[in-house]
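Here the structure is laid out as C-alpha cells; the discussion comes afterwards.
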Ligand SMILES: *Cc1c(COP(=O)(O)O)cnc(C)c1O
C-alpha cells in the first residue's frame, strides 16, 4: 500500500501517560498526573446532573449546528451566533483551519516551542512549516512577521503559550496585527484564557471587530474540566467561519459534550474558584522551584515550564517512579498545577530527583 508521502514520518502524538497504566507498570498505589493541564478540581457538579439527564438520548444524532450551545455562548461572549464554530475539542478546529487554508506551495508560521498540533496538521496538508524560536519563552512576533511572504496563509499565536505559559500583551499583539498583510489568517489560540490574571493580556474579542483576518480558539477542556467530552470553539468573522464549515464533518460535536458545555458555561462561580485556587497553586509551585533552585517562566496558565539542567527524559522517568506524571520537552519539563496536596507531592518528588545532582 502507498500512503501519502508526507504523512509517513509524522510523529504519532504521545498523550500524557494514563494513571492506571503507570500504576500497573510500576506497582504504585498512588499516582498523580500533572501532564496534560487538566483541571484538578474536576468540573462543575451541574455537568454530572446534566449528563445523567441525557442518557436516554444516546441513539439520536447530535445537533450538528450546536444551536443551544451556540446561542448561550454568543450571549456570554457578546458575539453573533454566526461568528462561532464548534469542534471536537479546539484540536479539531486547528485541523479544520489547516484543511481550509493550507496546501502545498503555501507556508505557515508558528513559535517554537508551541502547541504541536499546529505543525502536525500543517504538515498533513503539505504546507511549509516555519518555526520561529521563542525569546525567554515568549513569542518573537517581530521575528515571525519577518518570515511572512506572499505564500503565507496562517500565523499561529498561542496565547498564553503552551508549553511556556507566557503571554503576548495587547500592545504587542496590536502592533503585530497592524503589520500582518490582510491575506494572512492569524490564529489566536486562547485555550488558557480563563486562567490569565495579567491586565496587559489582549481583549481579543474587541480586536475581532477591527481585524477581519483573526480567529480566536477556546475550549471547554481546560478550566471547565471537560477534556473527556471534547468541546472547543472558534470565534471569527463570518467569512472565516463559512470556510471552516465547508470542511467540517456534519456531527462533529457529540451530544453529551454540547449539553455538558452548556451546563459548565452557566456555572461561572466554579470557574472563578478554580482560577483562584490555581493562582495559589502557582505561588506554591514557584516557591518550591525557588527552593530547589530550578529556573522557570512565570505563567499565566495552569502549568509551569521549568528549565531543569538535566536530561529531561530522565527526569520524566524518575518522577514517574515517584508516582508523578509530568511532561518532558527537550529543554524543560512542564508541570500542571494540581491541588495543594498534588503540588506538594510533585515538589517533593522533583526535589528527590534533582537534589543528588545539585550536591
Ligand atoms: C489543550 C490545548 C488545546 C486543545 O484542547 P481541546 O481539548 O482539543 O479543546 C488547544 N490549544 C492549546 C494551546 C492547548 O493547550
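The values are calculated or read from the model by the stated rules, or taken from the named source; none is laboratory data. Quick caveat: nothing in here was measured; it's all calculated off a predicted structure. Heads up, the Cβs are rebuilt from the backbone with ideal geometry, glycines too, and the neighbour counts pull from every protein chain shown.
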### Task
Taking the options 291, 283, name whichever one is in a helix (DSSP H, G or I) and without any contact (Cβ under 8 Å) to a residue 24 or more places away in the chain.
283
### Summary
Among (1) within 17 Å of the chain's Cα centre (by Cα); (2) within 12 Å of the ligand (Cβ to nearest atom), residue 253 falls short only on (1)
### Residue pairs meeting the criteria (Cβ under 6 Å; at least 6 apart or on separate chains; first within 26 Å of residue 183 (Cα to Cα), in segment 219-237; second more than 10 Å from the ligand (Cβ to nearest atom) and in a loop (DSSP other than H, G, I, E, B))
235/79; 237/212
### Task
Please enumerate the residues belonging to segment 110-131 that are touching a strand residue (DSSP E or B) at 6+ places or on another chain (Cβ under 8 Å), more than 14 Å from the ligand (Cβ to nearest atom) and part of a helix (DSSP H, G or I).
122, 123
### First in segment 175-192 and without any contact (Cβ under 8 Å) to a residue 40 or more places away in the chain and in the same structural domain as residue 106 (by the TED database), second anywhere and more than 16 Å from the ligand (Cβ to nearest atom) and assigned to a helix (DSSP H, G or I), Cβ under 6 Å, 6 or more apart
176/141; 179/145
### Task
State all residues of segment 99-109 that are out of contact with any strand residue (DSSP E or B) (no Cβ under 6 Å at 6 or more places or on another chain) and surrounded by 20 or more Cβ atoms within 10 Å (Cβ to Cβ); if no residue qualifies, say none.
100
### Query
Among the candidates 55, 69, which residue alone is within 16 Å of the ligand (Cβ to nearest atom) and not assigned by the TED database to the domain that holds residue 305?
69
### Message
Any residue at all in segment 267-279 that's over 19 Å from residue 89 (Cα atoms) and either modelled with pLDDT under 95 or not in a helix (DSSP H, G or I) (or both)?
### Response
yes
### Message
It is to be established whether one or more residues within segment 90-98 are without any contact (Cβ under 8 Å) to a residue 40 or more places away in the chain and either surrounded by fewer than 20 Cβ atoms within 10 Å (Cβ to Cβ) or touching a helix residue (DSSP H, G or I) at 6+ places or on another chain (Cβ under 6 Å) (or both).
### Response
yes
